[in-house]
Every structure is written in structure tokens, then in C-alpha cells.
Amino acid sequence: MIDDLRRINISDFPTKADLESQIRFLLNYAILAPSTHNSQPWLFKIRARECDIYYDSKLLLPEADPKTRDLHISIGCAVENLILAAKYFNIFDSVSYGPFQKDNHLAIIYFKDYTGMTNNEYKAVLDTIVKRINARGLFSPEPVPDNIINSIHSKIGNYLINGIELHLVTDENKIIKLARLTVEGLRVAYRRSTFRKEMSRWMHNSLTAKKDGLPGYALRMPLFASFILPTLVKWFDLGALLSKLNYRSFSSAPLVLVIAASDDNPNTWLDVGRLGERLMLEFNNLGWQTSIFVAALEMGNFYKEVQKVIDIDQMPQFLFVVGKIDKLHKLTPRHKLSRKLIS
């Protein structure tokens, strides 16, 4: 069942086992990270005191993610989950990025011996990892309180390095402009038959047994519609309809966060993913839902218009909205950890 992989009990951490077994336990948090189309592109190799992280080249998305930026951000989210779990058990040592000998080898996380002590500062985010979703739907107009924003901002200072900055947008007119740019990006994408064919492969009906991709319920599709949507998307341009649904959701949110960076390279994208995941977990932990929208950043040159809206020169790398949604959809599926381990 979908929920089985999310029933991670901290008390099951193998305190008396070797470090490799402990790393394997922590990877159960890493595989719950968000990823483009829920493609879960990560691969892990455990070696004595470290974990090598790769991407699966079979899961590249050349139409939706031509620069592989979103793939690297997804891997960065998984890296962050693993590091947060390791910090809770006080076995995190350090992390290093490539380039390594293999092009798809992106990061190495190093660990130290377990001493029996835990760091409760990270308990709440670990509990949140197992229930985090990319929420879709209409947000309530309730604004995110300043004290919530300030509290979360105080925890991310170490992530704002190497030219990475966080921009918060609460102005309603600017949020509407960003929503419209997202709409335009989606329409451009869905006009391309190659994009539609790629997208349709990741859309599944709401009763699917598949362990990746987007079940209809995650797109807020009625049950019957979820059975025909993949075929319709493949052969027809539904950009106008799908854009309208995304616009309604995006424009209803009271807060938009944009992560931008001076550099535009794989290692920066990994750091952007780490920051994005930490932010989303912190908001989710405090009862606020988050929803990712990157069409305006990935399609054409709409990112330049995003720069104008929020008045920045840096490259916008990642965008998500924050708010409250009364009714949340079910959790999305995941492959078992064993499917993501390599030797």
C-alpha cells in the first residue's frame, strides 16, 4: 500500500547495527522527496561511511526539463531529507558535490558513528516528511502571518550561500502576474506534441497500481476523467483547460516564494533543491500547504518576465506557493527503497 512506505517509526532506527544499515534506514526519508512528475529520479549507493547519490538517466524528461534543472532540484530535495534525518540521529558529517567520474553521480553524503544521542530540533521536520504532499486546489485568502515567515526565515540562513536568494511575494497584483506567466508557460508546453506525449506517460488513473507518476487524484481529477486524461493529453492540446485550473490555484495563494541564484549550474540546482525542500517542510509542519509551479521558469523566456515582476537580476530557479487548502488529496505513490539502491 502507498502509506506503508511512509510509516517510518523513529524507534526502529537500528541503534546497534553497523553504519551501512543505519544509512539504509535514513534513506526511507530520502525517497519521499518531491520530484518532477513524481518521477523519483534518484539512485543511492551505500559504501561503509558514505552514500553516493546518482540520477537515473532513464528518467530524464527532455521536454519538461530540457536543462535537467528540475531533476537536480529533485535530487537536492532527496539530499535534504537524508541530511535532516542524519542530523536528527547525529550521524551527519558532511556533503560534497561533483563533478565526479560518472556524469550522473551528483553528490556524496558522509556519516559518522551513532553515539546514542538525538537532536530533537529536527524531529518535527522528520515527522512532516512522511506526510508532505504537493497540494493542488484553491487556497483560502488567509495570509501567512509574519511571525510564521520570520520563524522559518531564521532557520535557513545557512542555505543562502553562493549567490542563492529567497524572494517572498505577497502583493496580489504580482501574484496574479506570476500566475499568468505560469499559464503562458503551460500553454506553450502543451502546444508541443512531444511534450504532450512525454507528459501523458506520467499521468495515471486514480486507481493505478503504478508506484511513480501522477495519479488523477493528485491533479484533482474526478475518477472517471482520470482514466481518459492521459489519452486526451497525448493527442489533444488541453493547455487552455489545464492552464485555467493551474491559474485558479496559483492566483488564490496568499504567498509565493521564488528561489533565485547568481549561478545556473548543477551544483547550484542541488542547493536550490535543498533550500526548497527545507522551506516546504517548515511551512507544512506549521499547517500551511505548499504547491510547486515551475512552468514559467522552464518554458521559453518567461523567466525574464518573472525577473521583472519580482525585480531581480538573478536567474529564478524554483517557485512554489503557500497557503491553506481545506481538503487535501491522498499521498502520491513511491517505489520501494530497494528499487533505488545500486551496488
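Taking the numbered list (1) surrounded by fewer than 17 Cβ atoms within 10 Å (Cβ to Cβ); (2) within 23 Å of Y29 (Cα to Cα); (3) not basic (K, R) in turn, D263 passes all entries but (2).
Residue-by-condition table, conditions (1) aliphatic (A, V, I, L, M); (2) within 29 Å of N147 (Cα to Cα):
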site: S200; (1), (2): no, no
site: K211; (1), (2): no, no
site: K234; (1), (2): no, no
site: F250; (1), (2): no, yes
site: L257; (1), (2): yes, yes
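The single residue among R192, R201 that is surrounded by fewer than 16 Cβ atoms within 10 Å (Cβ to Cβ), out of contact with any Gly (no Cβ under 9 Å at 6 or more places or on another chain) and over 17 Å from F293 (Cα atoms) turns out to be R192. State whether the residues of the stretch 333-341 include one that is over 18 Å from the mean Cα position of the chain (by Cα), hydrophobic (A, V, I, L, M, F, W, C) and over 30 Å from E50 (Cα atoms). Within the stretch 333-341 (the criterion being over 18 Å from the mean Cα position of the chain (by Cα), hydrophobic (A, V, I, L, M, F, W, C) and over 30 Å from E50 (Cα atoms)), the answer is no, since none of the residues qualifies. Criterion first (of a type in the set (G, A, S), in contact (Cβ under 8 Å) with a residue 12 or more places away in the chain and at negative phi) does S11 satisfy it? Judged against the criteria, S11 is not a match. The one condition from (1) surrounded by 14 or more Cβ atoms within 10 Å (Cβ to Cβ); (2) out of contact with any strand residue (DSSP E or B) (no Cβ under 7 Å at 6 or more places or on another chain) that V169 does not meet is (2).
Per-residue answers, yes or no, for (1) closer than 30 Å to K58 by Cα; (2) hydrophobic (A, V, I, L, M, F, W, C):
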position: L242; (1), (2): yes, yes
position: S252; (1), (2): no, no
position: V258; (1), (2): yes, yes
position: P266; (1), (2): yes, no
position: L270; (1), (2): yes, yes
position: Y303; (1), (2): yes, no
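From the residues in the stretch 186-206 that are under 19 Å from the mean Cα position of the chain (by Cα) and in a helix (DSSP H, G or I), which one is farthest from E298 (Cα to Cα)? By that ranking, first place goes to M199.
Taken over the stretch 197-252, the criterion of being among the aromatic types (F, W, Y) and under 19 Å from S39 (Cβ atoms) is satisfied by W202, Y217.
Within the stretch 207-225, the set of residues being in a loop (DSSP other than H, G, I, E, B), more than 21 Å from I31 (Cα to Cα) and free of Cβ contacts under 8 Å to residues at least 40 places away in the same chain comprises L207, M221, P222. Taking each residue of the stretch 259-272 that is not assigned by TED's automatic domain parsing to the domain that holds L82 and looking for partners that are among the hydrophobic types (A, V, I, L, M, F, W, C) and at pLDDT below 95 with beta-carbon atoms closer than 8 Å, six or more apart or interchain, yields D271/I161. Considering the stretch 45-79, the residues that are closer than 16 Å to Y110 by Cα and of a type in the set (A, V, I, L, M, F, W, C) include one that is modelled with the lowest pLDDT, namely A48.
Restricted to the stretch 35-154, the set of helices (runs of 4 or more DSSP H) holding at least 3 residues that are surrounded by fewer than 13 Cβ atoms within 10 Å (Cβ to Cβ) and either free of Cβ contacts under 8 Å to residues at least 40 places away in the same chain or touching a helix residue (DSSP H, G or I) at 6+ places or on another chain (Cβ under 7 Å) (or both) comprises 146-153. Considering A64, A48, which residue is of a type outside the set (S, T, N, Q) and closer than 26 Å to D263 by Cβ? Within the list A64, A48, the selection yields A64.
The values are calculated or read from the model by the stated rules, or taken from the named source; none is laboratory data. From a predicted model like this one, the values you see are computed outputs, not experimental measurements. When we count neighbours, we look across all protein chains shown, and the Cβ atoms used for this are built from the backbone with ideal geometry, even at glycine.
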